[in-house]
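Taken together, the values in this text are just the output of simple stated rules run on the coordinates, not laboratory data. Note that the coordinates shown come from a computational prediction; the quantities given were computed from them, not determined experimentally. Glycine also receives a Cβ, built like all others from the backbone with ideal geometry; neighbour counts cover every protein chain displayed.
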């Protein structure tokens, strides 16, 4: 997914930007950089062109020039819908606690119309099926029925998780940062309510011990520090309630921001968060919920229980 494109207001600059994106897609990053610079001569405050120039310079191994371009992109768009701050963090070997809301929201708003087709056809996405299977096994191991009165679907997207779990839940409420995604989930009719907004605020607004299941399918790849959402999930879950989620797997450290601008988390970090929040782990499986260029991405599926 490319950052959201907004016109510069200059037709010639827009055309040069389009040519630059095409050159980059073909691997001609030198041409892409040159075309971006031509666009910026016509529209010097246009964040997308600065961002694309940063990508081209980074691909050419020109780190200082890439840093300068990403810095200008961020200055031109302080909300950072391009994700320039994440690129700068990568250049510095850093992993921010979370990405800018504007970046995630705009990324998925532009992606909403082709979200399901792209996930299933191009990325072999299977997080909902994997998570449902993990929940089934957790329920069997705990000798409890797979039935939940109230469930929360964090980062609900277009509603794929509700399609897998709908029959097991009397009510599912969802939240997604991207309004276009939330609208598509709402249109399925599978949810009691769907909010467009921040998942932390969504969970924090719930009364204590009012929920039986908290779901997060392939959502935490857009969060680094998960401590606060673990704590809130534990607060809202009733005794015996489940917290089930998938994420990408890191082998070392707590979490890291990858080249794909998605976060990966380590087993050790997740175990520490679970213990700190007061959860017990029922399932922790090595899985892959999606592919990247035809290769399985290492991940984890976890089901935690509130004692």
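Descriptive notes on the structure:
- Per-pair calculated FRET efficiency, R0 = 45 Å: residue 296 and residue 238 via Cβ, rounded to 0.05: 0.80
- Label point 7 Å beyond Cα of residue 136 along Cβ direction - residues of segment 239-265 with amide nitrogen under 20 Å: 242-247
- Once the mean of 1/r is taken over each pair of separate Cα atoms and inverted, segment 115-305 shows a Kirkwood hydrodynamic radius of 16.4 Å.
- Considering helices alone, the calculated mean residue ellipticity of the chain at 222 nm is -13000 deg cm²/dmol, with DSSP H runs of length four and up weighted by -39500 (n - 2.57) and normalised per residue.
- Simple spin-label estimate for residue 30 and residue 63 in nanometres, 7 Å along Cα-Cβ: 2.3 nm
- Potential extension, residue 227-residue 208 segment - 0.36 nm per residue separation minus Cα distance: 5.1 nm
- Pairwise label distance in nanometres, residue 91 with residue 272, each label 7 Å out on the Cα-Cβ vector: 3.0 nm
- Summary of packing: across the peptides 136-145, 264-273, the per-residue average of other C-beta atoms within 10 Å ranks them, highest first, as 264-273, 136-145.
- Rounded to the nearest 0.05, the FRET efficiency derived from the C-beta distance between residue 15 and residue 129 at R0 = 35 Å is 0.20.
- Fraction of antiparallel bridges per DSSP, the chain only, in percent to nearest 5: 50 percent
- As a length-normalised measure over Cα pairs under 8 Å and 6 or more apart, the relative contact order of the chain settles at 14 percent.
- Using a cutoff of 8 angstrom between alpha carbon atoms and counting only pairs six or more residues apart, the relative contact order for segment 135-263 works out to 22 percent.
- Beta bridges per DSSP with both ends in segment 175-307, % antiparallel, nearest 5: 65 percent
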